[in-house]
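Engineer: Take this structure first; my questions come after.
The values are calculated or read from the model by the stated rules, or taken from the named source; none is laboratory data. Being a predicted model, the structure only gives us computed values, none of them experimental. Because the Cβ atoms are built from the backbone with ideal geometry, glycine has one as well, and the counts that use them run over all protein chains shown. With ligands, DNA and RNA removed, areas are computed over all heavy atoms of the protein, side chains included. Shrake-Rupley method; radii C 1.70, N 1.55, O 1.52, S 1.80 Å.
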Amino acid sequence: MQKVVIVGAGVAGINAATKLVDNNFKGQITIIDMGKDPYNRLPEEVMTGMLGAGGWSDGKLTYHTSIGGQLSKYCGDKKAMELMDQVIANFKRFHPNPSEVQFSDPQAEPEFIKPYFGLRLFGVYHIGTDYLQEIGKNWYDYLVSKGVNFIWETKVTRIDFNTQEIFTDERAYGDFDNKYDKLIFGVGKSGIDFGKALAEQYKLKTEPKSVQIGVRFEAPQHHFQKLIDISYDFKLYRKFEDKGVSLRSFCTNNNAAYVAAEHTYGDYSYNGHAKKDEAFRNDMTNFGILMEIKGIDKPFDWSREAVKKLQKNGKGTFYSPNSNRVPSKTSEDEYIKVEVVNSMDPLYDALGDYAFYIEDFIEDMKKVFPTLSDDWGVYMPEVKYLSPEPLVNYEDLSLTKYPNVHFVGDALSARGITVSGAQGTYVAESIL
């Protein structure tokens with residue numbers, strides 16, 4: 001019997017498992033995750049557990065091959081879109097009310113944006129943050145009913161690619177035979193350092209990645225309404241190619257928009273999500289302003305150090321030029337874990353002159369959206385940890401040195417729910 005072990009129960013891992021069981025895979029499937037099952041995972045446990053980080057707290061599925069990292073590079077645009085269709089179908093399939101899923105597909109870039117920003121337009125499926133936990137439960141129940149073995153609250157600490165064995169701190173072998181025939185490595189953001197360590201240990205050939213760091217911007221929604229009416233999850237961007245720097249707004253949340261603290265590697269960073277239930281409406285907008293910096297030596301280590309510099313009293317930092325604007329509450333009606341500072345100086349301390357690009361981005365937003373003025377705040381930092389991307393075989397995302405080990409999701413530089421799920425599906429198709 002072929003044994004497939006999936007490390008990580010995020011969208012990459014569970015889409016892979018779903019593809020296998022839907023096609024009557026006769027082998028044994030085991031999924032191991034540091035977090036909890038969807039019945040015991042709390043809403044504020046953002047980083048680990050069933051559905052991963054994005055699948056648990058975001059719920060916007062981008063529908064374009066140029067958004068969210070690598071996919072069409074491996075399989076071509078046509079196949080990439082087909083794979084993304086399968087991911088979206090799964091979210092609808094396990095949705096308690098699939099008619100609530102909405103699709104937005106803006107077509108025209110407005111003139112008022114053009115002097116200052118580019119606007120990237122693409123389709124987005126809005127699943128609804130309120131439904132994600134129920135989706136997780138339904139999806140989990142289905143996989144369990146099909147014989148998938150889940151091992152929760154267990155951290156994989158060592159993998160021997162040569163003997164094809166997995167080891168954990170909690171138990172020597174876990175509640176399963178620790179041997180695998182096929183390994184799908186989909187650890188998500190919380191395991192990027194583990195993937196980096198494996199790449200170094202086994203001397204895997206890798207492609208260097210860029211730094212992806214910035215802030216989570218928050219303001220009353222009415223300032224951005226004229227753009228939201230055109231594109232709900234708008235992507236403002238600008239490039240400074242001669243400097244190796246580009247910036248983009250990322251993961252826009254509106255109407256009932258909440259900032260979420262993420263606790264990774266002992267430090268705080270910030271993301272966001274939006275509720276559908278009108279009871280949660282706060283008429284706020286939040287989005288990341290992410291800066292991509294190319295040419296940084298050891299970008300993962302550089303990012304980690306920058307994040308540490310943005311911590312104060314064990315939390316991330318918040319700044320607003322408006323003394324009346326204070327950090328918001330979470331959707332659980334608790335104040336966001338963040339420390340207030342009185343200037344953007346911590347951002348300059350952490351990023352050096354690169355911080356200017358973020359401040360300039362905000363200044364130009366004030367010109368495009370003139371009512372904005374100083375009615376905003378930023379949570380520092382928002383970060384996407386990207387370790388060097390291991391070289392993989394394009395036909396199945398397996399490591400070039402170890403053809404039975406497949407990297408997916410954030411471990412392979414995917415930066416979105418749809419792309420991560422599609423990569424997992426792609427690997428499962430190769431196993432079938």
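Engineer: In nm, to one decimal, how far is the Phe161 label point from the Asp242 one, both placed 7 Å along Cα→Cβ?
Structural biologist: Taking the simple label geometry, Phe161 and Asp242 are separated by 4.1 nm.
Engineer: Continuing with the same structure: Which percent of the accessible area of the chain is formed by carbon and sulfur heavy atoms (probe 1.4 angstrom)?
Structural biologist: Summing carbon and sulfur atoms, their accessible area is 45 percent of the total for the chain.
Engineer: Lys179 to Met81: extension gain in nm, 0.36 nm per residue of separation minus the Cα-Cα distance?
Structural biologist: Gain on extension, Lys179 to Met81, equals 31.9 nm.
Engineer: Given a Förster radius of 22 Å and the C-beta distance between Asp22 and Glu134 as r, what FRET efficiency does 1/(1 + (r/R0)^6) yield to the nearest 0.05?
Structural biologist: With R0 = 22 Å, the Cβ-Cβ based efficiency is 0.60.
Engineer: Check cross-link reach from Lys366 to the lysines: straight Cα distance under 23 Å, and skip same-chain residues fewer than eight apart.
Structural biologist: Within reach: Lys114, Lys226, Lys235, Lys239.
Engineer: With every protein chain present, what is the per residue accessible area of the stretch 1-73 (1.4 Å probe, Å²)?
Structural biologist: Value returned for the stretch 1-73: 31 Å² of accessible area per residue.
Engineer: What pairs in Lys73/Lys294; Lys275/Lys384; Lys189/Lys367; Lys243/Lys367 have C-alpha atoms more than 28 Å from each other?
Structural biologist: Distance filter (> 28 Å) returns Lys189/Lys367.
Engineer: Let me ask something else. Sorted by accessible area (1.4 Å probe), largest first, how do Met34, Met380, Met47 line up?
Structural biologist: Heavy-atom accessible area, descending, gives Met34, Met47, Met380.
Engineer: To continue, here is another question. What do you get for GluC sites (Glu not before Pro) in the stretch 326-368 restricted to DSSP loop and a cutoff of at most 10 other Cβ within 10 Å of the site's Cβ?
Structural biologist: Passing sites in the stretch 326-368 are Glu332, Glu334.
Engineer: Consider a paramagnetic label point 7 Å from the Cα of Glu153 along Cα→Cβ; state which residues of the stretch 23-43 have an amide N under 20 Å from it.
Structural biologist: Only 31-43 pass the distance filter.
Engineer: So, R0 is 56 Å and r is the distance between the beta-carbons of Asn282 and Glu305; what FRET efficiency does that work out to, to 0.05?
Structural biologist: Efficiency computed from Cβ-Cβ geometry: 0.95.
Engineer: Where only protein heavy atoms count, and the probe is 1.4 Å, what is the accessible area per residue for the stretch 299-432 in Å²?
Structural biologist: So the stretch 299-432 comes to 38 Å² accessible per residue, rounded to a whole number.
Engineer: Helix-derived [θ] at 222 nm for the chain: sum -39500 (n - 2.57) over DSSP H runs of at least 4, divide by residue count, nearest 500?
Structural biologist: After summing the helix terms and dividing by residue count, I get -7500 deg cm²/dmol.
Engineer: Now a separate question. Compute, for Ser323, the solvent-accessible surface of its heavy atoms (probe 1.4 Å) with the complete set of protein chains present, and express it in square angstrom to the nearest 10.
Structural biologist: 110 Å²
Engineer: Heads up, I need the accessible area for Tyr39: 1.4 angstrom probe, whole protein in place, Å², nearest 10.
Structural biologist: Surface accessible to solvent at Tyr39 totals approximately 120 Å².
Engineer: Could you give the nm distance between label points at Asp141 and Lys73, where each point is 7 Å from its Cα heading toward the beta carbon?
Structural biologist: Modelled inter-label distance: 4.0 nm.
Engineer: Next up: What nm value, rounded to one decimal, do you get for the distance between Phe356 and Gln225 when each label is placed 7 Å out toward the C-beta?
Structural biologist: Here the answer is 3.7 nm between the modelled labels.
Engineer: Given the options Lys205, Lys337, Lys243, which has the most mean-square fluctuation in a GNM of the chain, springs set between C-alpha atoms less than 10 angstrom apart?
Structural biologist: Between Lys205, Lys337, Lys243, it is Lys243 that shows the largest mean-square fluctuation.
Engineer: Still on this structure, please answer the following. Keeping all protein chains in the complex and leaving out DNA, RNA and ligands, what accessible area do you get for Glu292 with a 1.4 Å probe, in Å² to the nearest 10?
Structural biologist: 40 Å²
Engineer: Pick out the long, greasy-scoring helices in the chain: whole DSSP H runs spanning 27 Å or more along their own axis by Cα, mean Kyte-Doolittle at least -0.5.
Structural biologist: None pass (Cα extent of 27 Å or more, hydropathy at least -0.5).
Engineer: Taking all protein chains together and a probe of 1.4 Å, list Trp152, Trp139 from the most accessible to the least accessible.
Structural biologist: Trp152, Trp139
Engineer: Pairs to check: Lys60/Lys276; Lys309/Lys329; Lys196/Lys308; Lys146/Lys401; Lys309/Lys337. Give those whose C-alpha atoms are more than 21 Å from each other in this structure.
Structural biologist: Lys309/Lys329; Lys146/Lys401
Engineer: Then there is this: In debye to the nearest 20, how big a dipole does the chain give about its Cα centre with +1 on each Lys and Arg Cβ and -1 on each Asp and Glu Cβ?
Structural biologist: Dipole about the Cα centre, nearest 20: 700 debye.
Engineer: Where does each of 210-216, 144-150 land if you order them by average Cβ count within 10 Å, highest first?
Structural biologist: 210-216, 144-150
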